[in-house]
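Let me begin by presenting the structure, written as structure tokens, before commenting on it.
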Amino acid sequence: MKNTLKTFLIAALLFVVSSECLRADDFTDAIMKAKKNLFAAMTINDEKGIVKSRGEFERILQLKKQEWIVNYYLAFIDYSIGSSAMSDPSNKDKVKKYTESALSLIDKSILVRDDFADAYILRYALQFNRWAYEQDKMADIIAASEEARNKAEKLEPDNPRLYLMDGVSTYYTPEMFGGGAKKAVPMLEKSLDLFGKRVEKEAYYPDWGKEMCYGFLTLAYLKRDDDGDKKLSSDLYTKATAEFPSSSFLSGYIKKEMEKLK
Amino acid sequence: MKIFILFIFLSLSVNLFGQSDSVKTSVVKGTVKNSKGKLVEGANVVIEGTIDGSTTDEKGFYEFETSKTGKRVIIFTAVDFGEKKINADIEPGSTLILDVTLSNTEFKTDEITVTASSFTSGENSKVTLSPLEITRIPGADADLYRAITTFPGSNQVDEGSRIAVRGGDPSEVLTFLDGASLYNPFLFGDDYNTSSYSTVNPWGMKGINFSSGGFSAKYGNVLSAVLDLQSYDLPQGRGMFAILGLANVGLSGVYRTNDGKFGATFSAGQFFIKPFLEVNKDNTDFSPIPTASNIGGTLVYKTSRTGLLKYYLNYSYDNMGIRNESPTYSGYYLGRTKNFFTNLKYSFAPTDISLLSTSVSLSTNNRTDKYGVLNTVSNSLYGKVRTDFGTPVSEKIDLSTGIEYEYNDAKENGKAPVYFYNMREEAPYFNLDFLQKTGRAGAYAELKYRLSDNFLIQGGVRSDYYTLTKDAVVDPRLSVVFRFTQHSFLKAATGIYHQFPALLYFLQGNTTSLKPEQAIHYILGYEYNRDNDFILRLETFYKDYSKLVSNSYNYYNYTSDGKGVAKGVDAFLKIRIKPKFNGWISYSYVDSKRTPYDGANTVSADFDITHTLSVVSEYNISDYFTVGATYKLSTGKPYTPVIGSIFDAAQNAYIPIYAERNSGRFPTYTRIDLNAQYIFALFGRFAVAFLALNNIMNTSNLYEYSYNFDYTQKKTINSSNFRTIYFGIGLQL
């Protein structure tokens, strides 16, 4: 009787462990699938597809596993939708809606795991969107940007997305405020260099940004316009489109901006 | 082996059990709409505890297959909506249709946020006055209260920060901060011919609501207008900002811990106008030259997911002397004020949809006045405990309720002249040593009923009991808003309002028979508001005053027999053309009459300023360079002329004989102010330079009339606000 009970208990334990493993696999499969769908939609700038994949991530939350990374992706999606809306000034409400949602989600993510550098990088990036609807809180925005950036740098000084965000914000900041293409180039170059060496710790960790880095460095070279910059820009764009052939960001936004700068 | 077999058995049995749950797949489908019946795209639908679900398409439609059957909870969410859970029984092989309506949560851009007579700024409202606008209004000197006076219905008192609203006295306006009553939030608030400045930092406020009438039952002990302020909760980051100006220096900062649980803010300012006077060649005879200090801040701690403990503190000090020549005495009028305010507030959500907050506040005000024989020290203390609770009671009805108790004492010590017309140092005087105290217990309940998406009714009642006079009052209040097109609203409000007379009247009059003053408001208005880019407001109001405190001119006699009426029209037009132009025009017509002390004919009230016009414009020359101009024009305020005098041999002074009260009027008031701001980088940091040119036409506006010793010659005392230049720089540290 004693042995039967022991056998049953061990079997039950094995069952519980194996079930958890199965559940973990459910989670990994689900998040990988959602991530794939998300980046497929982002590549072709399909907002409906992005919203659909947002739903997938929300549903993954129901698994109650690693909610911090799921919330990160939800925040990232809201950031992306908010950022896309920024090109149209009449979309201020939309920018606010998605940026505020993203800030709340990234805070939830940080609350559970406070040592994930990418979460702070996203928080840093989100501060730029706040300019679109609450310039009143200028000092607050500047302070929050610096805080998030410093935290990210401390946690992971070699994260390419950190320098990508530095480069993009510097590119758009007027020269009189310490910005401009000239200053953005080394940041974006550093970012691209780091992307080349980057291997994410887990397959489902964020790996976005390289295509964006190519695009902004292409523009920054063109805008800096030092000797040889035009060729650098053109070569880089060719390389970028070869690596990301279906990128609507490169073929749409970057191409259009290049035309303007030529 | 046995274990392995058992394990296989267990796994199979579970799988079989699982499969018994999903012999046939079922379909769940339906639509998701918002409360206005509009289809919601991008809403997420999921069976709780699973990843089975779907996202709604552009038609708000969703559909998914699931093997999870039986009693299940289905969750519906969308970015700007509250979560909705529905219990459903999914039968194997069946199709379940669930059509769901989600309610908006945080982003209420489609909800009615308009109320009668109010100008609101806040995170979730249609902003009409933002901190940035406040700092950019020429002539407002980055002062919240002065900015408000560019809106209709309110007038500056002595070109400073104190406000008189719709023909009422400045004392009829009360400031609330995080639920606490904020008394005397001014520097130089009571000084002779010196404009007051507010101690409230607009950048520290997340919500600003100014209501010039018809306000909610949550506000007690206030007769005419309410400025309701909510300070920021947790700051977002860390940083400091410094300001160096011609008349002041300031430093402010914010801090937040990495875990986002604790935050702090501080601001400190020193006001010293000597360089300002020298640059502007101002020969006003000050001694001492006005100086002021202000320091304050908040400490915030997040105690739980919804719990927040917030501590607010502010201390201010001002000191000045200005020469004043009265018929019997020529010398410096010396005034000094110390003001302290502190508030501790705790709020949390007992349920997902309700909010409970409690605050405990304390404020003290110490005031010294010296002029000739007058030498008084006044101390007042206010303590208040307040609890508010708000919750929806149904999808359409929200309930707010609360209780409060406020304690107030006032002491007055020193010397005051026996005969007001003799201010000489050796004149006969009273020795003052008075103390008076009172308490007020209040409670309110209010329902906000959304009859439809376009029709909102808010009705409430409050009651207050005053311990000193043992008077109880009951104030019912009602307001309605009807939206008849997307941007057009009709608004109406009415209600009874009471305010207890200042304790000073009880002290000076040596009486306890004064009653709470009463006003009944009636307001009807129209507003067209197109996303805050184009606003047109027209409002008419009628205020019926009774039991007003009235006093005799010559003696400290007070009664509660005063009556009055204030009626008028406010008009407001605001146009914003992004990103270059922002401007507004406001006009008010007021007819405010009151019965004087002796109960004779009704006369103009002290702030019966018939016509007031303000034109404010700001133009962004570039993203970094903004210029602005403000033009103000108003009817001169009433005053009581002296028409003769009688010689009092005992005092060797003349006793003035007055005409009918407020039968004279000051000349028309007019002023044009300009300003400019330039944003740039300094030491790689954000910086802003600002320039203000006030009263650019150097108009001599009247402060008061004075008289020679026997009142045969009238002298004009002009306001000390003549043409000035002020500049400074702000730098992010």
Considering region B:71-96, residues that are in contact with an Asp or Glu (Cβ under 7 Å, 6 or more places away or on another chain) and more than 25 Å from A:LYS33 (Cβ to Cβ), and then whichever is farthest from the other protein chains (Cβ to nearest Cβ), we arrive at B:LYS71
Of the candidates B:SER304, B:SER287, B:SER293, B:SER316, the one satisfying the condition of being away from chain A (no Cβ under 14 Å), over 24 Å from the mean Cα position of the chain (by Cα) and polar (S, T, N, Q) is B:SER287
| query | B:ILE696: assigned to a strand (DSSP E or B) and among the β-branched types (Val, Ile, Thr), yes or no? | reply | no
Of the listed residues (B:TYR619, B:TYR597, B:TYR654), the one being modelled with pLDDT under 90 and either part of a loop (DSSP other than H, G, I, E, B) or not small (Gly, Ala, Ser) (or both) is B:TYR597
The helices (runs of 4 or more DSSP H) lying entirely within region A:120-223 that contain at least 3 residues which are in contact (Cβ under 8 Å) with a residue 40 or more places away in the chain, within 27 Å of A:SER248 (Cα to Cα) and within 11 Å of chain B (Cβ to nearest Cβ) are none
Per the filter on region B:565-617, residues surrounded by fewer than 19 Cβ atoms within 10 Å (Cβ to Cβ) and within 14 Å of chain A (Cβ to nearest Cβ) are B:ARG576, B:ILE577, B:LYS578, B:PRO579, B:LYS580
The lone condition B:LYS206 fails out of (1) within 30 Å of B:ASP285 (Cβ to Cβ); (2) surrounded by fewer than 22 Cβ atoms within 10 Å (Cβ to Cβ); (3) of a type outside the set (S, T, N, Q) is (1)
Residue hits (region B:402-432; out of contact with any Ser or Thr (no Cβ under 9 Å at 6 or more places or on another chain) and β-branched (Val, Ile, Thr)) are B:VAL418
B:GLY207 passes all but one of the listed conditions (1) touching a helix residue (DSSP H, G or I) at 6+ places or on another chain (Cβ under 9 Å); (2) within 14 Å of chain A (Cβ to nearest Cβ); the exception is number (1)
field: Test: B:SER546 is part of a strand (DSSP E or B), in contact (Cβ under 8 Å) with a residue 12 or more places away in the chain, buried (at least 22 other Cβ atoms within 10 Å of the Cβ) and among the hydroxyl-bearing types (Ser, Thr, Tyr)
entry: no
Checklist entry - So is B:TYR232 within 30 Å of B:PHE683 (Cβ to Cβ), within 23 Å of the chain's Cα centre (by Cα), away from every other protein chain (no Cβ under 14 Å) and at pLDDT below 90 or not? => result no
Note: among A:TYR98, A:TYR72, just one is crowded, with 17+ Cβ neighbours inside 10 Å, aromatic (Phe, Trp, Tyr), more than 12 Å from chain B (Cβ to nearest Cβ) and in a helix (DSSP H, G or I), namely A:TYR72
Note to self: Against the condition charged (D, E, K, R) and within 26 Å of B:LYS567 (Cβ to Cβ), how does B:ASP178 come out, does it pass?
What the structure shows: no
When B:VAL642 is run through (1) within 33 Å of the chain's Cα centre (by Cα); (2) in contact (Cβ under 8 Å) with a residue 40 or more places away in the chain, the failure sits at (1)
The residue that is surrounded by the most Cβ atoms within 10 Å (Cβ to Cβ), considering only those in region A:224-234 that are charged (D, E, K, R) and not in a helix (DSSP H, G or I), is A:ASP225
Test result for B:ALA676, of a type in the set (A, V, I, L, M, F, W, C) and either within 14 Å of another protein chain (Cβ to nearest Cβ) or over 27 Å from the mean Cα position of the chain (by Cα) (or both) | no
Subset of region B:66-97, residues charged (D, E, K, R) and out of contact with any helix residue (DSSP H, G or I) (no Cβ under 6 Å at 6 or more places or on another chain), comes to B:LYS68, B:LYS71, B:ARG72, B:GLU83, B:LYS84, B:LYS85, B:ASP89, B:GLU91
Taking region B:467-488 and keeping only residues that are surrounded by 13 or more Cβ atoms within 10 Å (Cβ to Cβ) and among the basic types (Lys, Arg), one is left with B:ARG477, B:ARG483
Residue hits (region A:54-69; within 10 Å of another protein chain (Cβ to nearest Cβ) and in contact with a Lys or Arg (Cβ under 8 Å, 6 or more places away or on another chain)) are A:GLU56, A:LEU63
Against the condition more than 8 Å from chain A (Cβ to nearest Cβ), under 43 Å from the mean Cα position of the chain (by Cα) and at pLDDT 90 or above, how does B:VAL32 come out, does it pass? yes
Exactly one of B:TYR587, B:TYR654, B:TYR597 is within 29 Å of the chain's Cα centre (by Cα) and hydroxyl-bearing (Ser, Thr, Tyr), and that one is B:TYR587
Counting only residues in region A:75-92 that are at pLDDT below 90 and either under 23 Å from A:LEU111 (Cα atoms) or within 10 Å of chain B (Cβ to nearest Cβ) (or both), the one surrounded by the fewest Cβ atoms within 10 Å (Cβ to Cβ) is identified as A:SER90
Within region B:50-70, restricting to residues that are part of a loop (DSSP other than H, G, I, E, B) and in contact (Cβ under 8 Å) with a residue 24 or more places away in the chain, the one that is farthest from the other protein chains (Cβ to nearest Cβ) is B:THR69
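Listed here are the residues, each with its yes/no results for (1) out of contact with any helix residue (DSSP H, G or I) (no Cβ under 9 Å at 6 or more places or on another chain); (2) among the charged types (D, E, K, R).
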| position | (1), (2) |
| --- | --- |
| B:ALA268 | yes, no |
| B:ILE289 | no, no |
| B:TYR317 | yes, no |
| B:MET320 | yes, no |
| B:ASN324 | yes, no |
| B:LYS345 | yes, yes |
| B:SER354 | yes, no |
Q.
Quick check on region B:569-590. Is at least one of its residues within 21 Å of B:GLU704 (Cβ to Cβ), polar (S, T, N, Q) and outside any loop (DSSP other than H, G, I, E, B)?
A. no
Residues in region B:657-689 that are in a strand (DSSP E or B) and either outside the structural domain of B:TYR639 (by TED's automatic domain parsing) or within 29 Å of B:THR712 (Cα to Cα) (or both) total 6
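The values are calculated or read from the model by the stated rules, or taken from the named source; none is laboratory data. Predicted model only: the values in this text are computed from it and were never measured. All Cβ positions, glycine included, derive from the backbone under ideal geometry; neighbour counts span all protein chains shown.
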